[in-house]
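The block underneath contains the structure these notes are about, expressed in structure tokens.
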Amino acid sequence: MAEPTNVLTLDGNKVSFQAGQTVLQVARDHGAPIPSLCHLDGCAATGACRVCVVEIKGARSLVASCTIPAAPGMEVWTRTEKVIQSRRLNIELLLSMGRHDCVTCEANGDCVLQSLAYEYRVETVRFARPESHYPTEAANPMIIRDFSRCVLCGRCVQACNEVQVNEAISHGFRGARSKIVTKGDQPYEQSDCVFCGECLQACPVGALVEKQAKGRGRPWEMQKVKTTCAYCGVGCQMFLHVRNGRVVKVTGDAQSEPNHGSLCVKGRFGYDFIHSPERLTKPLIRENGDFREAGWDEALDLVTRRFREIRQAHGPDSLAGLTSARATNEENYLMQKLVRAGFGANHIDHCARL
């Protein structure tokens, strides 16, 4: 049997790869932990952070593994002293770009740059930091943009343009004045942004922060609970970040279908109703024009009795069911079964606004 042709040498071991894969993808498939800060799965490689550099035999210098295609016979080294020193220098340069003190940063404990600095033991920054930054944007009710923490990795731009295809943000200006901008360098709420929050989830540092979650807990203080978004019937998978029994924020589950981490504005930010004091927590029964609280058994017995009385008096066609597109498929199935099998009618419809 002929040996496979798509084979390269990775840290002294021969490994196979698929046509079209980059060196970074091949390394990760075979357990070689090449770090990266700017890489976003499913998007075109930019090589902006230079943290994923590797040494390739025959190359004149270190190369960004996210941008170079794997080739048969290639010899790649991911942990040489030259590679380690280059990564350490690039991390130090990224730290020098702005205010990366972790004490009050919302991303503390969930920051890629912080993790890289810890892994590569970057304890001091020798380079001067900018004297001034663009002012923080916090006028809109959903996303805080802290330009002093932005490392210009471009992940938010890719998330907006290549994942959600909203094309609301891009790179702007040049040199020391470079920043991430919306059309006309307008604030988020005055731009084409639809507040899906894809950029928020893609940000690897503390430059983009959810406004509702600010100051409400550190990542290690929260419990992540996987659930299904209830706003429509698509079934997007997401995590509720819970602290002390209250939902602090919502993120998409990047490992699950059908959304692969993406959420709409309602799914990502519309969770304040969960703890609204106006929500009913117990059944109410009307008596003499007023409502009184009741137990579930009493309420269900009353509803069952009244349905039977109406059906006996006016026939099954006098009853109907109205369900919601925001309910799950299982809940809608049970509702139609109640109407068709329980009531004996076919009057079942839905309302998307429920």
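FYI, it's all coordinate maths here, none of it is from the lab. Nothing here was measured: the structure is a model prediction, and the numbers come from that model. Virtual Cβ from ideal backbone geometry, glycine too; neighbours counted across all protein chains shown.
A few points about this structure:
- Cα gyration tensor, region 1-152 - rounded (a/c under 1.5), prolate or oblate: prolate
- Angle in degrees between helix 81-95 and the longest Cα principal axis of the chain, rounded to the nearest 10: 60
- Ranked by the mean number of other Cβ atoms within 10 Å of their residues, highest first, the peptides 187-196, 325-334 come out as 187-196, 325-334.
- In this structure, the amide hydrogen of HIS350, modeled 1.01 Å from its nitrogen in the peptide plane, lies closer than 5 angstrom to those of THR323, counting only residues at least 5 positions away or on a different chain.
- Taking amide hydrogens as placed 1.01 Å from N in the peptide plane, the amide H of VAL248 sits under 5 Å from those of HIS241, VAL242, ARG243, each at least 5 positions away in sequence or on another chain.
- Rounded to whole Hz, the Karplus (6.51, -1.76, 1.60) HN-Hα couplings of region 305-317, x for glycine and proline: 4, 5, 4, 5, 4, 5, 5, 5, 7, 10, x, x, 6
- Residues SER276 and GLN85, FRET efficiency given R0 of 56 Å [Cβ-Cβ distance, rounded to 0.05]: 0.55
- Sum of side-chain charges, GLU210 neighbourhood, beta-carbon under 13 Å (Lys, Arg +1; Asp, Glu -1): +1
- Span from the region 145-174 Cα centroid across to the region 41-75 one, whole angstrom: 23
- Taking Lys and Arg as +1 and Asp and Glu as -1, the other residues whose beta-carbon sits under 11 Å from that of ALA230 total +1.
- Cβ crowding within 10 Å, taken as a proxy for footprinting-reagent exposure, orders VAL103, VAL247 from fewest neighbours to most as VAL103, VAL247.
- Cα shape, region 197-249, gyration tensor, a/c 1.5 rule: oblate
- Local electrostatic count, ARG155, Cβ distance below 11 Å [Lys/Arg +1, Asp/Glu -1]: -3
- Global size of region 315-354 as Cα Rg and Dmax, reported in angstrom: 10.0, 30
- Prolate/oblate/rounded label for region 249-354 (Cα gyration tensor, a/c 1.5): oblate
- Integer Hz, Karplus 6.51/-1.76/1.60 couplings in order for region 124-134, x for Gly and Pro: 10, 10, 7, 9, 5, 8, x, 6, 9, 9, 5
- For the listed residue pairs LYS249/LYS282; LYS14/LYS82; LYS224/LYS337, the alpha carbons are over 31 angstrom apart in LYS224/LYS337.
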